[in-house]
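The values are calculated or read from the model by the stated rules, or taken from the named source; none is laboratory data. Quick caveat: nothing in here was measured; it's all calculated off a predicted structure. With ideal geometry, Cβ positions are generated from the backbone for all residues, glycine too; neighbour counts draw on all protein chains shown.
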Amino acid sequence: MTDQPTDELLFSQDEAGIARIVLNRPQARNALTFAMYEGLVTLCERVAADPAAKVLVITGAGDRAFAAGTDIAQFRDVRTADDALAYERFMDRVLGTLERVRVPTVAAIAGACTGGGAAIAAACDLRIATADARLGFPIARTLGNCLSVANLKRLAALVGPARVKDMIFTARLLGAEEALGIGLVGEVVTDAPALRARTDALATLLAGHAPLTLRATKEGLRRLAEGGGAAGSDDDLILSCYLSADFREGMEAFLAKRPPVWTGR
């Protein structure tokens, strides 16, 4: 099926359970409006609630940009303390919703991936970039704003505090190979067609794996990043897998030397 909630945010989901969100403002290098951020929240919640969804891929329209951050015009009304705090809390809600989607999320990055766009990519589980991709947070030479602690924590978990400081203090954009070297992206491909092919292959692979295993792993790592890890704090995740029909199916399929049929139950 295909659904198009707005012209600037496209959504589709195929029969394999691969959902796709396209940031669709190529004329503005896919810079995001507040309405697009709200739409992203709605679509993430939709995917999270759909038992048929297996994977979520986020990409930008065209080959020039994944997303060039928040549309600068959106900041014109940020004048008071309440305005500033509301914006960052809004962004924390958007990115937190994306981070908590129960299925694996993949950012397919071509061209510019900066500011809010880079924050979206960082909130995804996996990132693939084209060789000409450029990633970073050039706010120290553009707007003079800052990232919330939640954003800094997410980035530091990926690349370490020292590299976060380097990116933001120098305001430079990292090339794809450097981003790969520090762990900001997990894979680099040659160009946009290769990105589409590789993303499709990865999404198909993930859609064919045990969904409860993927969900428990993702949620367990999220809890760990938030200071969890105490004995018993993962009981629900362990039980969701070991007491599932999928676990019994996995054992029977392994012993019978056949592929398992996962149901997510």
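Surrounded by 13 or more Cβ atoms within 10 Å (Cβ to Cβ) and outside the structural domain of Met91 (by TED's automatic domain parsing): does that describe Leu158? For Leu158, the condition - surrounded by 13 or more Cβ atoms within 10 Å (Cβ to Cβ) and outside the structural domain of Met91 (by TED's automatic domain parsing) - is not met. Just one of the listed residues (Glu226, Glu252, Glu177, Glu219) is acidic (Asp, Glu) and in contact with a helix residue (DSSP H, G or I) (Cβ under 8 Å, 6 or more places away or on another chain), and it is Glu219. Highlighted here would be strands (runs of 3 or more DSSP E) found entirely within the stretch 1-86 that include at least 2 residues which are more than 24 Å from Ala110 (Cβ to Cβ), assigned by TED's automatic domain parsing to the domain that holds Leu98 and not hydrophobic (A, V, I, L, M, F, W, C), but there are none.
Considering only residues that are more than 17 Å from Arg64 (Cα to Cα), out of contact with any strand residue (DSSP E or B) (no Cβ under 6 Å at 6 or more places or on another chain) and of a type in the set (D, E, K, R), which ones fall in the stretch 173-202? Matches in the stretch 173-202: Glu177, Glu178, Asp200. If the condition is being over 16 Å from Leu173 (Cα atoms) and surrounded by fewer than 21 Cβ atoms within 10 Å (Cβ to Cβ), then the stretch 126-138 contributes only Leu126. Would the stretch 256-264 turn up any residue that is in a loop (DSSP other than H, G, I, E, B) and touching a residue at least 60 places away in the same chain (Cβ under 8 Å)? The answer is yes; a qualifying residue exists. Taking the criterion of being under 23 Å from the mean Cα position of the chain (by Cα) and part of a helix (DSSP H, G or I), the residues of the stretch 220-255 that qualify are Gly220, Leu221, Arg222, Arg223, Leu224, Ala225, Leu237.
Taking each residue of the stretch 113-126 that is closer than 13 Å to Asp92 by Cβ and looking for partners that are at pLDDT below 95 and buried (at least 24 other Cβ atoms within 10 Å of the Cβ) with beta-carbon atoms closer than 8 Å, six or more apart or interchain, yields Gly116/Gly69. Considered as a group, the residues in the stretch 127-153 that are within 16 Å of the chain's Cα centre (by Cα) and without any contact (Cβ under 8 Å) to a residue 40 or more places away in the chain include one that is farthest from Gln74 (Cα to Cα), and that residue is Leu152.
Among all residues of the stretch 192-199, there is none that is of a type in the set (S, T, N, Q), in a helix (DSSP H, G or I) and not assigned by TED's automatic domain parsing to the domain that holds Pro104.
Of all residues in the stretch 93-112, which are hydrophobic (A, V, I, L, M, F, W, C), touching a residue at least 60 places away in the same chain (Cβ under 8 Å) and in contact with a helix residue (DSSP H, G or I) (Cβ under 7 Å, 6 or more places away or on another chain)? Residues satisfying the conditions are Val103, Val106, Ala108, Ile109, Ala110. For the stretch 95-149, which positions are under 30 Å from Ala52 (Cα atoms), in a helix (DSSP H, G or I) and of a type outside the set (Val, Ile, Thr)? Passing the criteria: Leu95, Gly96, Leu98, Glu99, Gly116, Gly117, Ala118, Ala119, Ala121, Ala122, Ala123.
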